[in-house]
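Here it is, the structure, as C-alpha cells.
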Amino acid sequence: MGITGFTVEITTPISAAKMFNAAILDGHNLVPKLMPGIISSASISEGDVGVGSIKQINFTDAMPFAYLKERIDVLDKENFECKFTLIEGADIGKKLEWATSHIKAEPTSDGGCIYKVSSELKTLSGIEYSEEELQMSKNAATGMVKAMEAYLIAHPDA
C-alpha cells in the first residue's frame, strides 16, 4: 500500500473563468458530448454542483471500468479551484483505497490560463501503479482539457 500520484499542467488560450466553468461547473453536461467514445453519460446524482455534491460519470466499453462517482470537497469559484474525492467505481476497492484530485485554473497575462490537475492515489496493499498507468491518467486529463479548449474556441459564446 502506497501513495502515488501525478500533476499535469496544460496551457490554454481559454480564460481561467471560462475553462473552470466549462470543465467543473458544466462538465457533466459537456464531457459526454465532447468525448462520446469514452464517456456515455454524466450527471449530478446528489447536490447542485456545490461542496458535497456527487457527480457520476458513466463510461463506454473503451474504458476498463463502467463508471465512477466523485464528491466535491472544495469549490472556490472566485479562485477557479476545486478538490474532489473518488468515492465509488473506477479502481476503488480493486486497486485503490482512495483517490483525490485538485484542479486549479490559473490566469495568465495573455488572457488564457494554466489548467493544473494534481491527483493523489492510495493503492491497496501490494498494488502499485506503473508509470505507464500514471501517464495514461495524465493523458486523459490533458485530452479532456484539450477537448474543452476546442469546444470553447469553436463556441466563444458558450
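With Cβ to Cβ distances under 15 Å as the rule, what net charge do the other residues near Gly112 carry (K, R +1; D, E -1)?
Local charge sum for Gly112: 0.
On each of the three principal axes of the Cα atoms of the stretch 3-154, give max minus min coordinate, whole Å, ordered largest first.
46, 29, 29
Given the Cα-Cα distance of Lys95 and Asp61 and 0.36 nm per residue of separation, how much length would full extension add, in nm? Could the numbers behind the result be given before it?
Working: separation 34, 0.36 × 34 = 12.24 nm, distance 1.93 nm.
Gain in length upon complete extension: 10.3 nm.
Let me ask you something else. What distance in nm lies between label points placed 7 Å from Cα along the C-beta direction at Asp110 and Lys77?
Taking the simple label geometry, Asp110 and Lys77 are separated by 2.9 nm.
Ok, one more. Fewest first, what order do Thr100, Thr7 take by the number of other Cβ atoms within 10 Å?
Values: Thr100 17, Thr7 12.
Going from sparsest to densest Cβ surroundings: Thr7, Thr100.
Please figure out what share of the DSSP beta bridges in the stretch 61-158 is antiparallel and state it in percent, rounded to the nearest 5.
Details: 25 of 26 bridges.
Around 95 percent of the beta bridges assigned by DSSP in the stretch 61-158 are antiparallel ones.
Rounding to the nearest 20 debye, state how big the charge dipole of the chain is about its Cα centre with +1 on each Lys and Arg Cβ and -1 on each Asp and Glu Cβ. Write down the numbers at each step before the final one.
Details: 14 positive and 22 negative charges, 35 e Å.
Using only the charged Cβ atoms, the result is roughly 160 debye.
Moving to a separate point now. What's the longest piece of the chain with no exposed GluC sites (Glu not before Pro), counting a site as exposed if DSSP puts it in a loop and it has at most 12 other beta carbons within 10 Å? Please report the intermediate quantities before stating the final value.
Numbers: sites that count: Glu78, Glu128.
The reported range is 1-77.
Every number here is computed from the coordinates shown, using simple stated rules; none is lab data. Since the structure is predicted, the reported quantities are computational estimates derived from the model, not experimental observations. Cβ atoms come from the backbone with ideal geometry, glycine included; neighbour counts cover every protein chain shown.
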